[in-house]
Amino acid sequence: MRAVMSSDPRLEVVGEAATAVEARDFLKAHQADVLTLDIEMPGMSGLEFLTRLMRARPMPVVMMSSLTAAGSDAAIQALSRGAIDCMVKPTSTYGEELTQDICERVYHAACTRPSQLQMRLQSGAAPAAPSATAPSPAPAAPAARHNYRRGALLLIGASTGGVAALETVLPTLDPYGPPVMIVQHMPGNFLTSFAERLDRQLSQNVYLASENRPLENGDVVLAPGNDRHTELRYRGGQWYCVFVPNDPPALHCPSVDVMFKSATTGAKHISAALLTGLGRDGAEGLLELAQAGAKTFGQSEDTCVVYGMPKAAMALGAVQKEASVEDIGPALRASRQLSAAGQDG
């Protein structure tokens, strides 16, 4: 890790620690802009240390995790408790692409403004336990359950900072409302753990997408990280997922752009949002959706961990309305509700 990060002139390694106790003592005596933290350490685990650190001295943290089931679950907990990003712990020699990816993500984590980090913690991004998460809103009244046009669909793309952002957005959506299709940049095992966590937290039915299963009202569906992209098809008044090869290889798989662009034929039924994330994946797809008649939203800079993807979409003119992470959910919900006159609101 020292060799990898030292290869980037923007980064300076100021210290190393083999245990949580060493890390605690180092941070008491030295200043650091960002901490990379292994989940599996002797003595106190990285997850426990992160929880204590966020209470005592909040700072940007990038977690390193294995792809084991236990490691993936801990990684999702870490992202929810305040970590900025989580990378898979490498098991072989670093290549140039992986080196660049690690350096870029650590650098952007280091650039997180203190106000953004504090906002994440105050909003419940670092709960002491699962029971401390904010309760889901009360279910909509039965009369309101069908207050959406047939075929309505909500699309969300997210990357760095997306776990905490989605845990803020999704509880504000109607649990009986249109299906929600999500691409979150994350390794496959992490996505499985994330879907299971969301399913425990939310009133909606949360699961990883499978081919040709119709998306129903009340569903929250995550594109799986299976080295294939997830596209959408609209037929018979319902939406379905299909998987396509990652060919030619894209930087991100699953890709937000691929999902967004595949849905343009049904854009008049769609509201789409691009949340916090590094890079520009989703910007061109959001523009195509907007041009085809969808309603489009972008997360505001002051509530993004990394204002990359929404910024790129704003620069293209793809975002019709920019909103804070707290307001994205209500905006998406209202955009697909039928007015009293029976028209889209």
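Straight-line cross-link partners of Lys295 among the aspartates and glutamates, defined as a Cα under 12 Å from its Cα and at least 8 positions apart when in the same chain: Glu322, Asp344.
Segment Asp25..Arg149, full-extension length gain: 38.8 nm, with 0.36 nm per residue of separation and the alpha-carbon distance subtracted.
Rounded, prolate or oblate for segment 142-336? Axes are the square roots of the Cα gyration tensor eigenvalues, ordered a ≥ b ≥ c, and the cut-off for rounded is a/c under 1.5.
Numbers: a/c = 1.17, a/b = 1.08, b/c = 1.09.
It comes out rounded by the Cα gyration axes.
Which residue fluctuates the most in the chain, going by a Gaussian network model with Cα springs under 10 Å, if the choices are Glu326, Glu22, Glu96? The residue that fluctuates most here is Glu96.
Between Leu154, Tyr107, Leu222, the Cα set farthest toward the positive side of the dipole of the chain (charges on each charged residue's Cβ, about the Cα centre) is that of Leu154. For segment 142-336, the share of DSSP beta bridges that are antiparallel, to the nearest 5, is 25%. For the chain, the antiparallel share of DSSP beta bridges with both residues in that region comes to about 25%.
Can you give the extra length, in nm with one decimal, that the chain gains between Glu97 and Ala56 once fully stretched, where that is 0.36 nm per residue apart less the Cα-Cα distance? Working shown, then result.
Details: separation 41, 0.36 × 41 = 14.76 nm, distance 3.52 nm.
Result: 11.2 nm gained on full extension.
Label separation (Val13 vs Asp247): 4.0 nm, computed from points 7 Å beyond Cα along the C-beta direction.
Relative contact order (percent) for the chain, with alpha-carbon contacts under 8 angstrom and 6 or more residues of separation? Don't jump to the answer; show the numbers that get you there.
Numbers: 698 pairs, mean separation 47.3, N = 345.
Relative contact order here is 14 percent.
Stretching the chain fully between Asp227 and Lys321 yields a gain of 30.6 nm (0.36 nm per residue, less the alpha carbon separation).
Given +1 at the Cβ of Lys and Arg, -1 at the Cβ of Asp and Glu and no other charges, the dipole of the chain around its Cα centre is 980 debye to the nearest 20.
Read the figures in this text as sums done on the coordinates, not as results from a lab. Please read all numbers here as calculations on a predicted model, not as lab measurements. Don't worry about glycine lacking a Cβ; one is built from the backbone with ideal geometry, like all the others, and counts go over all protein chains shown.
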